[in-house]
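Structure, as structure tokens:
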Amino acid sequence: MRKGMRGMLLGVSAVIFIAAAAGNPRPPQGASEPSQAAQPPVGRGGGGAPPPALPTPRLPDGTVNLGRVPGEKGAWRVPYITNMGMRLVGSDGQPLPELRQAQAAGRAAGPGGAAGGDGTGRGGAKAEPWIPWMPWSAAVYDYNSRNNSKYDPEGYCLPPGGPRLMATPYPMEIIQLPESRRIIMIFEGATHIWREIYMDGRPHPEDDALNPTYLGHSVGRWEGDTLVIDVVGFNENSWLDYFGHPHTDKLHVVERFSRPNKNMLHYEATVIDPGAYTRPFTIAWDVPWDANGELQEYICQENNQFLYRLVDDFGQPIFGPRRQPGELPARGGGPR
Amino acid sequence: MMDAKYRMFVMLLIWLALPASVMAQFGHPLDGQWSGQWGPKEKPNRLLLNLDWDGKTVTGVINPGPSAATVKRVTVDYSDTSSWLVKLEAEGKDASGKAVPIVADGRLENIGSYRRILRGTWTQGNQKSEFVLTRN
């Protein structure tokens, strides 16, 4: 019996291995994502030549429709924001003046800091003096900069937490369910995940009832034509972005979604984390509408070779057996 | 027979879940539960350390339970992030109930990995040895 059981496990292993080796044409999210050179500028209204400004669609009750018009296709084409430190805006919704100056001088955050890239040659916390760092969060960010985000949890196919959901470059949809007073957001990327936003006026759970999760607990309300979502209850298993801005479980995010016209979603998020930053800051970007967009199936976990080649600071595999002294790394191994 | 199949199924689930269960914690590098040891290699003393970052200070307790030692002070030298020097001061008690100062001078290593390590020199009363703690 034991022999048979071992044989079955080996058989299942072989099937899984063959299935994985068949390959996922898309890279795992995180460190190996291609850069997206054409990012809309920071703040409101960027993005090059605007498409025709069709009016903002609305639901029968007059509420802004943040999703598809019935009978049409479409999805939000979420941009790749690798560094939220370059997306800070002031109370007027415009990029911070010092950030604009740094961008103009081309010295902020190092290569790739403003518009994506692989993060090599990044400047760390000193390159982003507008971020209200605590000493530890600056030090951790420096560490993540030096190793080019090697330990990015999204590279492990773990879900992005907080605003990073709106910065992971795969289509997403917003489905409003006014009859059940909920809004559902579904994401093709970001580990194929969904969010539920309660619109029924409930408060956040308190104390032990608030179970820390990757996405936190979201309650929403409408302020005019803007959907405001208050999120708390994050765990500490995620980063704010690919560049590695850290957060703690004290993170509180206030998101604002608006649709100034049919083709554009404006996203703002105020990051309040007294465990990692000395004061709140707000980040913002636009998300274009893809009129022919539809969500596809994308399973990040499938064939994630990044995970199995990743080694820690001691040169030991993160996953799998630890190497003995003198043993060579596996073929193709090494940090990425 | 049913029992064997059930066991096989459970083992398969555990085997499949292994990679997913391994994850790091990316908040304050000291925050969380640590386990390890100090003292002579032939007769080490086990350590369980719970640390909590409240946004201003790191607080905690060593070996929770009847012989717990409260962490009085934790300092981290952030100025040189290649060394991550940590000093932890606590107060324990000996068998007679007399207060015994504890000082751990160490260094955080491998901070981005789930195998984060804190190691250095442990001084408890008049005893001194190396210690190593791994974040659980």
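Among residues of the stretch A:110-159 being in a helix (DSSP H, G or I), in contact with a Pro (Cβ under 9 Å, 6 or more places away or on another chain) and more than 9 Å from chain B (Cβ to nearest Cβ), the one that is modelled with the highest pLDDT is A:Tyr141. Here the stretch A:236-256 is the region considered, the condition is being surrounded by fewer than 24 Cβ atoms within 10 Å (Cβ to Cβ), under 28 Å from A:Gly224 (Cβ atoms) and in contact with a Leu (Cβ under 9 Å, 6 or more places away or on another chain), and the residue that is nearest to the other protein chains (Cβ to nearest Cβ) is A:Glu255. B:Ser79: more than 10 Å from every other protein chain (Cβ to nearest Cβ), within 30 Å of A:Trp133 (Cα to Cα) and part of a loop (DSSP other than H, G, I, E, B), yes or no? It is false that B:Ser79 is more than 10 Å from every other protein chain (Cβ to nearest Cβ), within 30 Å of A:Trp133 (Cα to Cα) and part of a loop (DSSP other than H, G, I, E, B).
The listed residues are B:Gly106, B:Gly97, B:Gly39, and the only one of them that is in contact (Cβ under 8 Å) with a residue 60 or more places away in the chain and either away from chain A (no Cβ under 14 Å) or surrounded by fewer than 14 Cβ atoms within 10 Å (Cβ to Cβ) (or both) turns out to be B:Gly39.
Among the residues of the stretch A:196-230, which ones are within 20 Å of B:Gln25 (Cα to Cα) and in contact (Cβ under 8 Å) with a residue 24 or more places away in the chain?
Listed by number, the residues that qualify are A:Pro212, A:Tyr214, A:Leu215, A:Gly216.
For the stretch A:167-186, the set of residues classified as in contact with an Asp or Glu (Cβ under 8 Å, 6 or more places away or on another chain) and in contact (Cβ under 8 Å) with a residue 24 or more places away in the chain consists of A:Ala167, A:Thr168, A:Pro169, A:Tyr170, A:Pro171, A:Met172, A:Pro178, A:Ile183, A:Ile186, listed by residue number. The one condition from (1) closer than 23 Å to B:Lys56 by Cα; (2) among the charged types (D, E, K, R); (3) surrounded by 15 or more Cβ atoms within 10 Å (Cβ to Cβ) that A:Asp208 does not meet is (3). The number of residues in the stretch B:5-64 being modelled with pLDDT of 95 or more and aromatic (Phe, Trp, Tyr) comes to 3. In the set (1) under 28 Å from A:Trp136 (Cα atoms); (2) assigned to a loop (DSSP other than H, G, I, E, B), the condition left unmet by B:Gln33 is number (2).
Let's see how each residue does on (1) touching a Pro at 6+ places or on another chain (Cβ under 9 Å); (2) among the small types (Gly, Ala, Ser):
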| residue | (1), (2) |
| --- | --- |
| B:Gln37 | yes, no |
| B:Leu47 | no, no |
| B:Asn50 | yes, no |
| B:Arg73 | no, no |
| B:Ser82 | no, yes |
| B:Leu85 | no, no |
| B:Gly97 | no, yes |
| B:Thr123 | yes, no |
| B:Lys128 | no, no |
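Inside the stretch B:77-98, residues that are of a type in the set (A, V, I, L, M, F, W, C) and out of contact with any Leu (no Cβ under 7 Å at 6 or more places or on another chain) make up a count of 4. A count restricted to the stretch A:177-192 and to residues that are surrounded by fewer than 19 Cβ atoms within 10 Å (Cβ to Cβ) and outside any loop (DSSP other than H, G, I, E, B) stands at 7.
Which is in contact with a strand residue (DSSP E or B) (Cβ under 8 Å, 6 or more places away or on another chain), closer than 26 Å to A:Glu154 by Cα and in a strand (DSSP E or B), of A:Arg195, A:Arg221?
A:Arg195
Candidates are the residues of the stretch B:108-136 that are under 12 Å from the mean Cα position of the chain (by Cα), in a strand (DSSP E or B) and of a type in the set (D, E, K, R); the one that is farthest from B:Glu89 (Cα to Cα) is B:Arg135.
The values are calculated or read from the model by the stated rules, or taken from the named source; none is laboratory data. What you see is a predicted model; the values in this text were computed from it and never measured. Neighbour counts run over all protein chains shown; Cβ positions are idealised from the backbone, glycine included.
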